[in-house]
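Since the structure comes first, as structure tokens, the remarks are kept for the end.
The values are calculated or read from the model by the stated rules, or taken from the named source; none is laboratory data. These figures come from a predicted structure and were not determined experimentally. A quick note on method: Cβ atoms are made from the backbone with ideal geometry, for glycine too, and the neighbour counts reach across all protein chains shown.
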């Protein structure tokens, strides 16, 4: 639950950014405000104590914090890959559907959709989704069951997004908010990805997995824009649907093979043997 609370505070930044820009109409000032808040956060971070398990790892002398070490064994690399792939729907929704909501809106016959406002509604949904995902995970004593519920909701709202029901700006914003809620499993998937690894690599996994998911967005965009639309001549709706089907299919396969970690004992280290 603590990780989800942190994630909620984080996504509230995107909501705040919208209102700050609306108030000042100066993107440079928004950057100054964000930078100042970042420096304040850095000062607060300096006072946080490390966990006992991590302190023991520092004294043990084993390899820790090595990104390359994540790929020193095939099985470990696959664990990492699965940890990345289970988070793909989040940035498909943010980077494709909501970012291009004005263009999708025109194809649906909707005028006046503001992508900035759509993103705000989505992040409001994400904030509620993150809290709900944590509570559901604790209720079922399972991270995978919570993820499955939110994957199912995501597929339902994807259907609604591309359906004839989505025919006004109000409904577009509502669907974007609903997609935000259904993809509000960010904290759960990052936690689950980190828990796949021993203490000496857990921090590295926790910080790099979400960045890898963000880094895959340009590849999704390449498929959505350059391949499907520019090369194959598909319209934006068909491109969006096929991209969504591919993303959700890859995610569900990775989910199926990902280990449940809710009751996992995390007090262990990743072995240093360089095995295949």
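Answer yes or no as to whether residue 153 is under 21 Å from residue 135 (Cα atoms) and either touching a strand residue (DSSP E or B) at 6+ places or on another chain (Cβ under 9 Å) or surrounded by fewer than 20 Cβ atoms within 10 Å (Cβ to Cβ) (or both).
Details: under 21 Å from residue 135 (Cα atoms): yes; either touching a strand residue (DSSP E or B) at 6+ places or on another chain (Cβ under 9 Å) or surrounded by fewer than 20 Cβ atoms within 10 Å (Cβ to Cβ) (or both): yes.
Taking the combined requirement at face value, the residue satisfies it.
Checking the structure you have, find out if any residue of the range 217-237 is surrounded by fewer than 15 Cβ atoms within 10 Å (Cβ to Cβ), more than 22 Å from residue 97 (Cα to Cα), touching a helix residue (DSSP H, G or I) at 6+ places or on another chain (Cβ under 7 Å) and touching a residue at least 12 places away in the same chain (Cβ under 8 Å).
Among the residues of the range 217-237, not one is surrounded by fewer than 15 Cβ atoms within 10 Å (Cβ to Cβ), more than 22 Å from residue 97 (Cα to Cα), touching a helix residue (DSSP H, G or I) at 6+ places or on another chain (Cβ under 7 Å) and touching a residue at least 12 places away in the same chain (Cβ under 8 Å), which makes the answer no.
Please work out which one of (1) crowded, with 22+ Cβ neighbours inside 10 Å; (2) under 26 Å from residue 192 (Cα atoms) is the condition residue 101 fails and give its number.
(2)
From the set of residues in the range 172-204 that are over 11 Å from the mean Cα position of the chain (by Cα) and part of a loop (DSSP other than H, G, I, E, B), which is farthest from residue 161 (Cα to Cα)?
If we take residues in the range 172-204 being over 11 Å from the mean Cα position of the chain (by Cα) and part of a loop (DSSP other than H, G, I, E, B), then 198 is farthest from residue 161 (Cα to Cα).
Which of (1) more than 19 Å from the chain's Cα centre (by Cα); (2) under 28 Å from residue 134 (Cβ atoms); (3) part of a loop (DSSP other than H, G, I, E, B) is the odd one out, the single condition residue 259 does not satisfy?
All conditions pass for residue 259, except number (1).
Answer with yes or no whether residue 214 is under 14 Å from residue 70 (Cβ atoms), part of a helix (DSSP H, G or I) and at pLDDT below 95.
Details: under 14 Å from residue 70 (Cβ atoms): no; part of a helix (DSSP H, G or I): yes; at pLDDT below 95: yes.
When the stated conditions are applied, residue 214 does not pass them.
If you go through the range 159-168, how many residues are assigned to a helix (DSSP H, G or I) and either touching a helix residue (DSSP H, G or I) at 6+ places or on another chain (Cβ under 7 Å) or modelled with pLDDT under 95 (or both)? Steps first, answer last, please.
If we filter the range 159-168 for residues that are assigned to a helix (DSSP H, G or I), which is where we start, we get 159-161.
Okay, now just the ones that are also either touching a helix residue (DSSP H, G or I) at 6+ places or on another chain (Cβ under 7 Å) or modelled with pLDDT under 95 (or both), so 160-161.
The total comes to 2.
Which of the residues belonging to the range 238-266 are in contact with a helix residue (DSSP H, G or I) (Cβ under 9 Å, 6 or more places away or on another chain) and more than 22 Å from residue 87 (Cβ to Cβ)?
Passing the criteria: only 238.
Suppose the filter is buried (at least 24 other Cβ atoms within 10 Å of the Cβ), at negative phi and over 16 Å from the mean Cα position of the chain (by Cα); does residue 140 pass it? Walk me through it before giving the result.
Details: buried (at least 24 other Cβ atoms within 10 Å of the Cβ): no; at negative phi: yes; over 16 Å from the mean Cα position of the chain (by Cα): yes.
No: the conditions fail for residue 140.
What is the number of the single condition among (1) crowded, with 17+ Cβ neighbours inside 10 Å; (2) in contact (Cβ under 8 Å) with a residue 60 or more places away in the chain that residue 175 does not meet?
(2)
Could you please find all residues in the range 195-216 being within 20 Å of residue 271 (Cβ to Cβ) and without any contact (Cβ under 8 Å) to a residue 40 or more places away in the chain?
Scanning the range 195-216 gives a single hit, 206.
For the range 1-115, list the helices (runs of 4 or more DSSP H) that sit wholly inside it and hold at least 1 residues that are in contact with a helix residue (DSSP H, G or I) (Cβ under 8 Å, 6 or more places away or on another chain) and either more than 24 Å from residue 249 (Cα to Cα) or at pLDDT below 70 (or both); which are they?
Where helices (runs of 4 or more DSSP H) fall fully within the range 1-115 and carry at least 1 residues being in contact with a helix residue (DSSP H, G or I) (Cβ under 8 Å, 6 or more places away or on another chain) and either more than 24 Å from residue 249 (Cα to Cα) or at pLDDT below 70 (or both), they are 2-24, 27-45, 52-60, 101-107.
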